[in-house]
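Just so it is clear, none of the values below were taken in a lab; they were calculated from the coordinates. Remember, it's a predicted structure, so these values are computed and weren't measured experimentally. Note that each Cβ is placed from the backbone with ideal geometry, even for glycine, and that neighbours are counted across all protein chains shown.
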Ligand code: HEC
């Protein structure tokens, strides 16, 4: 019995670690490339609404509220929104919002950047933050 269980969990573990690359979609399939990303973006949008939108806005009509607007933030230098008073710490940080910096900062703002005016970690799940990063690349 124990042997069976061990066998099963071994199988599951090796499958997770060793997933085959997603099959190429045939040319005729719709939607083609990017279908997987579309799901991630949807998940990112949901998480953004739930965890970030109370302070941050995106889109054409976005204005800064408790937090700065996040239009164009991905890949950009920190503290660029014109209508928000950023902390000195963020303005002088020289940070660029690569995916890694974005995840590190949001997992624990104060640990990554002492003095930032964002006090609390909002999400501690790296995967969800990566989904949000992909979602924000649209703005
Ligand atoms: C309680 C309000 C609040 C919530 C919720 C919040 N933030 Fe923030 N965020 C801020 C504040 C305030 C700043 C500005 C920090 C500073 O100036 O030091 C900020 C800054 C940022 C920045 C840097 C912006 C720039 O222009 O450099 C990013 C990126 C960011 N937040 C992403 C997120 C994401 C993603 C979420 C959801 C997971 C989130 N924030 C949730 C308040 C919040």
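Can you tell me the relative contact order of the stretch 63-121? Whole percent, Cα pairs under 8 Å, sequence separation 6 or more. Before the final figure, lay out the partial values.
Values: 70 pairs, mean separation 17.2, N = 59.
Normalised by residue count, the contact order of the stretch 63-121 is 29 percent.
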Check: Hey, how many Å between the Cα centroid of the stretch 114-131 and the Cα centroid of the stretch 64-104?
Finding: 13
Check: How would you rank 84, 102, going from fewest to most other Cβ atoms within 10 Å of each one's own Cβ?
Finding: 84, 102
Next item on the list: Please provide three numbers in whole Å: the alpha-carbon extents of the stretch 64-123 along the principal axes, with the largest listed first.
Entry: 25, 21, 21
Item checked: Relative contact order (%) - criterion: Cα under 8 Å, at least six apart; region: the stretch 35-136 -> 30
Item checked: Two-decimal Rg/Rh across the stretch 35-136, once Rg and the Kirkwood Rh are taken from alpha-carbon atoms -> 0.94
